[in-house]
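What follows is one structure encoded as structure tokens, with my remarks underneath.
The values are calculated or read from the model by the stated rules, or taken from the named source; none is laboratory data. What you see is a predicted model, and the numbers here were worked out from it, not measured in a lab. When we count neighbours, we look across all protein chains shown, and the Cβ atoms used for this are built from the backbone with ideal geometry, even at glycine. Surface areas here come from the heavy atoms of the whole protein model, side chains and all, with no ligands, DNA or RNA. Shrake-Rupley method; radii C 1.70, N 1.55, O 1.52, S 1.80 Å.
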Amino acid sequence: MKLEFLAPQTLQDAVTMAKARGGAARFIAGGTDLIIQARKSGAWPEAVINLQQIPGFGEIKGTGPNFSLGSLVTHRQIEREIRFAGALEALRESACVIGGHQVRNVATVGGNLCNASPAADMVPILLCLNAEVALAGSEGRRVVPLANFIEGPRKTVRASDEVMTEIAFAAPAQKFSSTFLKGGRRRAMEISIVAMAGVVSASPDGKMTDVRLAMGAAGPKAIRLTEAEKFLEGKVLSKDVLEETGMLAAAAASPIDDVRASASFRRHLAGVYARRVVELSWNRISELNDDRSAA
Amino acid sequence: MNSPFRVIGKSFPRLDARGKVSGKAIYGTDFAMQGMLHGKLVHSTIASGEILSVEIEEALAMPGVYEVVTAADIPAQRYGSFVKDMEVFASKRVNFVGQPVAAVVARTAEEAEAAAKAVRVEYKEQAAVFTTEDAVKADAPLVHPGWQEYKAVPTVKRQGNITNQARLVLGDVDKALKKSDRVFTHRFVTNIVHPGYTEPRAAIAHWADGKQLHVWSNTQLPFEAQATLAEIFKITPSQVRVNVTVIGGGFGGKLRLGVEHYAAAAALKVGRPVKFVSSCEEEMTAALPRQPLVIDLTTGVTKEGKILAKAASILVDTGATSGSGVGVASSVMLMLAGPYKIPNLRLESRSVYTNKTPTGSFRAPAGPQGNFAVESQMDIIADALGIDPLEFRLRNIVREGDLAPNGQKLESVSLEECLLKAADAIGWKDRRPEPGRGKGIACAWWTTTSGSSGVYVKVGPDGQVFLNTGCAEIGTAALTGAAQVLAEALGVELGSIQIVSGDTASTPFDYGAQGSRTAFAVGNACIDAVGKLHQRMKEIAAKQLSAKPEEIEIENGVAKFGDKSLTLKEIAAIAQTSQGGLIAHGTFIAPPTLHDKERTENMVITAINSPSFHAHAVDLSVDAETGEVKIHDYVVVQDVGRAINPTYIEGQIEGGVVQGIGQALSEEIVYENGIVRNPGLTDYKMPTAMDAPNIRSFIVESPSKVGPYGAKGVGEPPVIHPPATIANAIASAVSARIQTLPITAEKIVRTLTEVSETGK
């Protein structure tokens, strides 16, 4: 097996190299998905184009409400990002359960999104934050909502010569908090059997508003739970409200049976985690504000 | 407390620590030779069928390829521990998906792998059988249609797919069950789990003149590898030299041949050294995992909680070859009787072929499976009788002088102490401290495997002592333990001992690093050697000091006569110039464990030697909605006879518990029509550091009469109890009694849902 390894120094070179090889080349960043898949399937690309030496895509920018993640930002960076401590905690919670330490040190957020695994743990919270991804290719630059970027399992709208450069999102305007939970058989090195992220805001009159829920690993791609979101708008947290939320989440799941879990267990967990994410997020709003007043 | 010992009982760093932590140790996978080629295996893609043809032309033409080796290149020879049902390469038919059919030898491992994919094997597929329950049916397809032609040890009773039918019988079970106030019958099913060593199996083989085979490998048993390779290639054992490299974990998974035979077959054909290393996928599909068992267990008790009788029917799934499973089918009965006094027993066990991965001797073979059944049922019965599970155990456990189920007289029985200490440490009185939280307890006994050990102990003129043993260090630090025994007995510091190990040409025979025996048996051989060295020292000192040998006293390595003395170093220097050095051959063989042979039928393992006793307890919470189990505290109380090195005993306990937690909660090789669905470490879920709980180890020292300074076997027991202990705690926490391993979150939730729906 021969594998051409290319190390462009500029974005333009990277795009040109990819363009010249048609679909035969793959971009590589952390390589924690690409290499494993190639090893497993034996389907190695003819060339890999290393993005790591291109400057400018490795930073987390912004002080809120607008933020951007360079596509080469590692999960470790997100996990340790102090700007995400607090209301955006779900970003850190998502990042810190991906793989193990060694994986998170090299695996990038851009890679996690472009790999488009239905179980990719960064996707649900970024869906909740209405993230948009920037792509640069031979046809120029474009910005695509993350919800439209991922089309299905391992399938995105990215052209083979397009590099993801940035993921941008804005924090909600009102008092809010966020939560990420995942189910799996162990506490690290675990592919989610269900992942659930939520962002919940509080209206001035103490009701839930602008609720956003997204679920991973329970269908061909991570999705927003729009029915549950609509239902929760303007509601006050109660046992009944949570029950209904859980039922709506379970109904939105279209999971598969596999060696990790049965479809019915995934559906069950979808309901449980949806409830918990909403409840936790709501409780966190007041905790965050209590902390602020205490400080 | 003042210890009478200088070296044993102290937590010295292991003697091989420096090489391992500095990366200088040469493991099997590191080992390389000049001119070495690489081999890769071609595996069967079907579970059962005849081989019609093996097309190798395309592979031979591929870059870097030297040879393709098949069954046609080596003697037609079957081998195996109890039944000779294995062959190096499948010759006429295949019996499981993953079975080696051929091997490709190439310049690089990558070239060999690519070419292995180009070897075309044509099969005539035949009916296969995947469960023991199907395999024992009269009309079941035969995994080995030629089974009657296989040689086997005389003890075993075979029939079709059944490789042994053994029984352990005492008293009159039917009568006793009729007399019982309550009779409980349950089925327990255990999982197929991989030993999980960090380093895959690796070997390099080279033939000199086509006659002398030299193998370097990470085998646990160099002498067994030597004997088996000699058998396979129809040469004498002394034509085979096996050197053991540093080993990255064994856990019993490297007892039998791993890849040594493929390397030897390939090297023979190609005339150059050939290296084989198992891939992760090969490890998960064609290594030697633990046998899964189906255990139907019936127990009769009085309402006061006295066990009157136990009956069991056990099916041991050995996979496509019988391997160690015949032994498991025997020893599981000793485990199922448990460390309990039971006047009536009728345990029946069958080891059975299926068209799946051949199984092996994973740490404490039969231990976790048998213990899961017996200790789960103990709790079920206790609950039904309204007796505290600890109290129920205390009413039935064996005590000093009792007879074990096989009739052997038990000595140094510390089980009550272990149970009480474990209960105390976990806070047993508060067994259900809050909703969703519960505690569990389980106990067991285990053997210290016998077999002979030899050591050469050689003292250099500078006082350095070489411990030369045929036993391999598989990572447990047990050879450091043996060295501590030697240092203690010889009266030297541990630091002056160097270990030379695992070379069939230069080290004396040892039955090997298996069955919790290394420190025990090698340590005893060291003590024997020290006795002989002391005699030599006396003779030499007598000459020098003008005394009679019997007038010389030896104290802390110094020979004394009145106010005159000679140090070990001085005596060794004299011995070197006058009589070829100071050296002794120490040997040990455990005395036979006497037991009642009338009780056992066709059992290949009938006794528990120098038994150790132990209890585990756990405190955990179960999330009833997600099924997630969180372990707050895990307690182990283990009788080790004498703690030679407490740190490494704790290491064995902690490692064993985590490995046992894997079997209890998360690990399982999953098959679908004979194909492994999770052949990698992504979906074969061994616990990570994040999953390892706080483990507290308490060491009990109830000395054995046989072990060095009273030591008992240590390494295997910690892996036995976690499945039962955890199952019991889960049942206590959320009323979900799971009788199949692993106890996944999904099973817990499903069981709780059924309980709430049926109201049971």
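Give the accessible surface of the stretch B:450-588 per residue, rounded to a whole number of Å², with probe radius 1.4 Å and ligands, DNA and RNA excluded.
Value for the stretch B:450-588: 37 Å² per residue.
Amide H neighbours of A:Asp210 under 5 Å, at least 5 residues apart or on other chains, H built in the peptide plane: list them.
Placed amide hydrogens put A:Gly234 under 5 Å from A:Asp210.
What accessible area, summed over both chains, is buried at the B-A interface (1.4 Å probe, Å², nearest 100)?
Roughly 2000 Å².
For the stretch A:55-102, max minus min Cα coordinate along each principal axis, in Å, sorted largest first?
Principal extents (Cα only, largest first): 29, 28, 12 Å.
Spelling out what I want: for every residue of the stretch B:690-706, take phi, set θ = phi - 60°, compute 6.51 cos²θ - 1.76 cosθ + 1.60 (Karplus), and round to whole Hz; glycine and proline get x.
5, 8, 7, x, 5, 10, 10, 9, 10, 9, 9, 10, 10, x, 8, 7, 9
What shape does the protein assembly as shown have by the C-alpha gyration tensor, where a ≥ b ≥ c are the square roots of the eigenvalues, rounded means a/c under 1.5, and otherwise prolate means a/b greater than b/c and oblate the rest?
prolate
Step through the residues of the stretch B:333-339 one at a time and calculate ³J(HN,Hα) from phi using the Karplus curve (6.51 cos²θ - 1.76 cosθ + 1.60, θ = phi - 60°), rounding each to whole Hz and writing x for Gly and Pro.
After applying 6.51 cos²θ - 1.76 cosθ + 1.60, I find 6, 5, 6, 6, 5, x, x Hz.
Ordering A:Phe176, B:Phe188 by accessible area with a probe of 1.4 Å, largest first, what comes out?
A:Phe176, B:Phe188
On the accessible surface of chain B, probed at 1.4 Å, how many percent belong to carbon and sulfur atoms?
Carbon and sulfur: 51 percent of the exposed surface of chain B.
Report the local net charge at B:Ser697: Lys and Arg +1, Asp and Glu -1, summed over other residues whose C-beta lies under 10 Å from its C-beta.
Values: positive: B:Arg696; negative: B:Glu650, B:Glu654.
Local charge sum for B:Ser697: -1.
How large is the accessible surface per residue of the stretch B:106-153, computed with a 1.4 Å probe and reported in Å² as a whole number?
59 Å²
5 Å is the cut-off here: which amide hydrogens, built 1.01 Å from N in the peptide plane, fall below it relative to B:His43, excluding neighbours closer than 5 in sequence?
B:Val101
Return the calculated 222 nm mean residue ellipticity for chain B, to the nearest 500 deg cm²/dmol, obtained by summing -39500 (n - 2.57) across DSSP H runs with n ≥ 4 and dividing by the residue count.
The helix contribution divided over chain B gives -8000 deg cm²/dmol.
Could you work out the relative contact order of chain B, using alpha carbon pairs under 8 angstrom and six or more residues apart, expressed as a whole percent? Could the numbers behind the result be given before it?
On the way: 1987 pairs, mean separation 117.3, N = 760.
Relative contact order comes out at 15 percent.
Taking only Cα atoms, what is the 0 to 90° angle, nearest 10, from helix A:11-20's long axis to the longest principal axis of chain A?
Relative to chain A, helix A:11-20 is tipped by roughly 60 degrees.
Using alpha carbon centroids, what distance separates the stretch A:199-265 and the stretch B:444-460, in Å?
Here the two parts' Cα centres lie 61 Å apart.
Which residues, if any, in the stretch B:684-709 lose at least 50 square angstrom of accessible heavy-atom surface (probe 1.4 Å) when the other protein chains sit next to their chain rather than the chain being alone?
Hits at the 50 Å² cut-off: B:Lys685, B:Met690, B:Asp691.
Would you please give the residues with an amide H less than 5 Å from that of B:Ala590, counting only those at least 5 places away or on a separate chain, with H modeled from the backbone geometry?
B:Gly451
In whole Hz, with x marking every Gly and Pro, tabulate ³J(HN,Hα) for the stretch B:54-60 from phi via Karplus 6.51 cos²θ - 1.76 cosθ + 1.60, θ = phi - 60°.
Calculated HN-Hα couplings, in order: 10, 8, 10, 4, 4, 5, 4 Hz.
Between the stretch A:89-119 and the stretch B:659-704, how far is it from one alpha carbon centroid to the other, in angstrom?
Centre-to-centre (Cα) distance: 25 Å.
Return the residues of the stretch B:739-757 for which accessible area with all protein chains present is lower than in the chain on its own by 40 Å² or more; set the probe to 1.4 Å and exclude ligands, DNA and RNA.
B:Glu746
Specify the inter-centroid distance of the stretch B:21-80 and the stretch B:608-647, based on alpha-carbon positions, in whole Å.
The stretch B:21-80 and the stretch B:608-647 have Cα centres spaced 42 Å from each other.
To the nearest 0.05, how large is the calculated FRET efficiency for A:Leu288 and B:Thr131 if R₀ is 60 Å and r is the Cβ-Cβ distance?
Efficiency, from the Cβ-Cβ distance: 0.65.
Which net charge results when you count Lys and Arg as +1 and Asp and Glu as -1 among the other residues whose beta-carbon is under 11 Å from that of B:Val522?
So the environment of B:Val522 carries a net charge of -2.
Can you tell me the relative contact order of the stretch A:4-50? Whole percent, Cα pairs under 8 Å, sequence separation 6 or more.
57 percent
Can you pull the one-decimal nm distance between simple spin-label points at A:Trp44 and B:Gln535, each 7 Å off the Cα toward Cβ?
6.3 nm
Regarding the stretch A:1-126, what are the three Cα extents along the principal axes, ordered largest first, in Å?
47, 31, 22
Once the other residues with Cβ under 10 Å from the Cβ of B:Ile314 are scored (Lys, Arg +1; Asp, Glu -1), what is the net sum?
-1
Accessible area per residue for the stretch A:175-294 in Å², computed with a 1.4 Å probe and the full protein assembly in place, what is it?
Working: 4910 Å² over 120 residues.
Normalised by residue count, the accessible surface of the stretch A:175-294 is 41 Å².
Evaluate E = 1/(1 + (r/R0)^6) for B:Ala32 and B:Cys280, where r is the Cβ-Cβ distance and R0 equals 35 Å; express this FRET efficiency to the nearest 0.05.
0.95
At a Förster distance of 51 Å, what's the computed FRET efficiency of B:Glu551 paired with B:Lys157, Cβ-Cβ distance as r, to 0.05?
Given R0 = 51 Å and the Cβ-Cβ separation, E is 0.25.
Pairs of alpha-carbon atoms within less than 8 angstrom and 6+ residues apart define the contacts here; what relative contact order does the stretch B:450-588 have, in percent?
Normalised by residue count, the contact order of the stretch B:450-588 is 35 percent.
Of the accessible area of the stretch A:60-170, with the probe set at 1.4 angstrom, what percent is carbon plus sulfur?
Of the solvent-accessible surface of the stretch A:60-170, carbon and sulfur hold 50 percent.
Compute the normalised compactness of the stretch B:112-237: alpha-carbon radius of gyration over 2.2 N^0.38 Å, N being the residue count. Write down the numbers at each step before the final one.
Numbers: Rg = 22.8 Å, N = 126, 2.2 N^0.38 = 13.8 Å.
Normalised Cα radius of gyration, the stretch B:112-237: 1.65.
Residues of the stretch A:163-196 with accessible area at least 40 Å² lower in the all-protein-chain context than alone (1.4 Å probe)?
A:Arg185, A:Arg186, A:Arg187
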